[in-house]
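Quick notes on the structure that follows.
The values are calculated or read from the model by the stated rules, or taken from the named source; none is laboratory data. A quick note: this is a predicted structure, and the numbers were derived from the prediction, not measured. FYI the Cβ positions are ideal-geometry reconstructions off the backbone, even for glycines, and counts take in every protein chain you see. Surface accessibility is based on the protein's heavy atoms, side chains included, excluding ligands, DNA and RNA. Shrake-Rupley method; radii C 1.70, N 1.55, O 1.52, S 1.80 Å.
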Amino acid sequence: MFCFQCSETMKGTGCTVKGVCGKEPEVANLQDLLIWILKGISYWGVRAREIGVTDVETGLYVAEGLFTTITNVDFDSESLGKKIERALEVRERIERLFREGFRRKHGKDFDDSVPEACTWKLSGGLDVYEMKGAEVGVLDTSDEDVRSLRELLTYGLKGIAAYTDHAYILKHSDNSILDFLQEALAATLDDSRTVDDYVSLVLKAGEYAVKAMALLDEANTSSYGNPEITSVFTGTVEGPGILVSGHDLLDLEELLKQTEGKGINIYTHGEMLPANAYPGLKKYSHLKGNFGTSWYNQQKEFEEFQGPILMTTNCIQKPRESYKDKIFTTGLVGWPGVAHIPNRVDGKEKDFSPIIQKALEVGDIGARPGKSIIVGLAHDQLSKVSDKIIDAVKAGAIKKFVVMGGCDGHAKEREYYTDLAKKLPKEMVILTAGCAKYRYNMLDLGDIGGIPRVVDAGQCNDSYSLVITALKLKEAFGLEDINDLPIEYDIAWYEQKAVAVLLALLYMGVKSIRLGPVLPAFVSPNVLKVLVDNFDIKPIKTVDEDLSAIIG
């Protein structure tokens, strides 16, 4: 195996024996094979559209497959084997549709040579899949800079795919995003592409990352209403409870419906915290609040919770024996030996009765104290106080905004974000989205004229709200360049959705982003130079050094 797609990759270069995330070598190889076959599917999808043949089902499967390989989603070899088999079926189908269309249009059979990813197929099950996956992984591209750009592109596509998949689940679609996923994946099979070609595709990925986040924002807000400023309790109350982690709001809604009147309380965890601010979800009186913090603390926190846990998306870690019989996965998430809630069939809701029954069996999880934190400050709420914000900036009450969104993780270096938040002058406001917020959202940082000093827009995809807010401020102050705003960008990254957010910011023209806790291992020195020269991307330094630069 060789994997360097997350910020915690071994020694800052790559995991080769076992993933730091817990990924076994066979799982890594199966994921590499799935990505490779998705590239083959994409080749046929692109060729099919060239002759007027479109197939949304193919595009959706490519998005689901990309999402499956995001860090901490699916660790189950059996599950991945089934997804590979399905991918081979999808590839065969889109190839057939293309060849039939080509024959109709040109009156002859298609006989061009095609990449191996478009045709490879061997029986033999997981053993064969693992061996092939070991051949076609990251290191199959020998040129370091081409490899770097292909992986930067692919990881951005994974983030775009995740956001797009969530939107489609809520029946909001933009097929141009699915088409781009295929266009970009297919391009990674083309050895005639130059470094400049891939740089252009990477920036184009940023454009589609913005589209994907906008689509998901529309899906979430049209389904559940615009988030409202909400105070969320972080303890528990007496009675049975279920803890819901991940990002899938529809899973949470269906669970809330199915537990209504059963005496079971529902709590969010990790990236599900912002769900408490949506009117269509917080109307359920048994949604009691949020328990716990960021994903990387889940083993300790899931054990402490005592009740059953539902993982709707990443990030899942190896379950401890103390709660392995109480954790359930659903959607694309998988872990060997963990019970899985099947997908929806024929438009019906998922059946959450197994986890509901488990909650009733476990019984009272006990009351625990907790403080309250403020969420729900997405673009709609901020637009309602925009005059107040603008006046505060003009009056000097707010000197600067510091965007500290992104991901959280294990690394001790991430304490940087806590320390920076504590040291920021009281005239500065933190704008955040994603689980990076857990490094400072429990701090008592106060407010500026009623505006909280930690403005929490929501999940990582709600970085879109921060972009919208920045653009509105740019317009309000009559500025031509978004970089002239009193905004600093101090982004924390861990996995591939953060890569998509980073590419979106680059597409928007944002410069001088500080990235931490480390620069991505998959960015080669030459590619880094391109990013530095064009966008002034830089690594975080010490808190005091960066604080001086921010104040200056």
Can you find even one residue in segment 94-107 that is open to solvent by 10 Å² or more (accessible area, probe 1.4 Å), under 17 Å from residue 128 (Cβ atoms), of a type in the set (D, E, K, R) and assigned to a helix (DSSP H, G or I)? no
Regarding residue 154, is this residue without any contact (Cβ under 8 Å) to a residue 40 or more places away in the chain, more than 23 Å from residue 455 (Cα to Cα), touching a helix residue (DSSP H, G or I) at 6+ places or on another chain (Cβ under 9 Å) and not acidic (Asp, Glu)? no
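So, in segment 181-211, exactly how many residues are in a helix (DSSP H, G or I) and of a type outside the set (A, V, I, L, M)?
Residues meeting the conditions: 11.
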Just to be sure before I move on: is residue 148 small (Gly, Ala, Ser), under 24 Å from residue 114 (Cα atoms) and without any contact (Cβ under 8 Å) to a residue 60 or more places away in the chain in the structure I sent? no
Run residue 237 past the list (1) among the hydrophobic types (A, V, I, L, M, F, W, C); (2) more than 21 Å from residue 323 (Cα to Cα); (3) touching a residue at least 40 places away in the same chain (Cβ under 8 Å) and report the number of the one that doesn't hold. (2)
Any chance segment 431-446 includes a residue that's part of a strand (DSSP E or B) and either over 21 Å from residue 484 (Cβ atoms) or hydrophobic (A, V, I, L, M, F, W, C) (or both)? yes
Of all residues making up segment 500-534, the number that are touching a helix residue (DSSP H, G or I) at 6+ places or on another chain (Cβ under 8 Å), among the β-branched types (Val, Ile, Thr) and over 23 Å from residue 214 (Cβ atoms): 4
Tally the residues that are touching a helix residue (DSSP H, G or I) at 6+ places or on another chain (Cβ under 6 Å), open to solvent by 10 Å² or more (accessible area, probe 1.4 Å) and either of a type in the set (S, T, N, Q) or assigned to a loop (DSSP other than H, G, I, E, B) (or both), restricting the search to segment 460-484. 2
Matching option when the condition is touching a residue at least 60 places away in the same chain (Cβ under 8 Å), among the β-branched types (Val, Ile, Thr), surrounded by 19 or more Cβ atoms within 10 Å (Cβ to Cβ) and in a helix (DSSP H, G or I), among 389, 356, 373, 365: 389
For segment 506-523, state whether one or more residues are closer than 22 Å to residue 11 by Cα, of a type in the set (S, T, N, Q) and either open to solvent by 10 Å² or more (accessible area, probe 1.4 Å) or in contact with a Phe, Trp or Tyr (Cβ under 8 Å, 6 or more places away or on another chain) (or both). no
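Considering 128, 114, which residue is outside any loop (DSSP other than H, G, I, E, B) and surrounded by 11 or more Cβ atoms within 10 Å (Cβ to Cβ)? Outline the logic, then answer.
Working: 114 fails: outside any loop (DSSP other than H, G, I, E, B).
That would be 128, the only listed residue that is outside any loop (DSSP other than H, G, I, E, B) and surrounded by 11 or more Cβ atoms within 10 Å (Cβ to Cβ).
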Return the total of residues in segment 392-421 being open to solvent by 40 Å² or more (accessible area, probe 1.4 Å) and within 16 Å of residue 550 (Cβ to Cβ). 2
Tell me whether segment 10-30 contains one or more residues that are in a helix (DSSP H, G or I), closer than 18 Å to residue 156 by Cα, open to solvent by 10 Å² or more (accessible area, probe 1.4 Å) and modelled with pLDDT of 95 or more. no
Conditions (1) in contact (Cβ under 8 Å) with a residue 24 or more places away in the chain; (2) open to solvent by 10 Å² or more (accessible area, probe 1.4 Å); (3) closer than 27 Å to residue 124 by Cα -> residue 84 fails only (2)
Restricting attention to segment 212-233, and to residues there that are outside any loop (DSSP other than H, G, I, E, B) and in contact with a Gly (Cβ under 6 Å, 6 or more places away or on another chain), which single residue is nearest to residue 281 (Cα to Cα)? 224
Give me the strands (runs of 3 or more DSSP E) completely within segment 234-341, filtered to those with at least 3 residues that are open to solvent by less than 10 Å² (accessible area, probe 1.4 Å) and farther than 17 Å from residue 435 by Cα, ordered by residue number. 327-330
Out of everything in segment 537-552 that is farther than 19 Å from residue 418 by Cα and under 24 Å from the mean Cα position of the chain (by Cα), what residue ends up being least open to solvent (accessible area, probe 1.4 Å)? 537
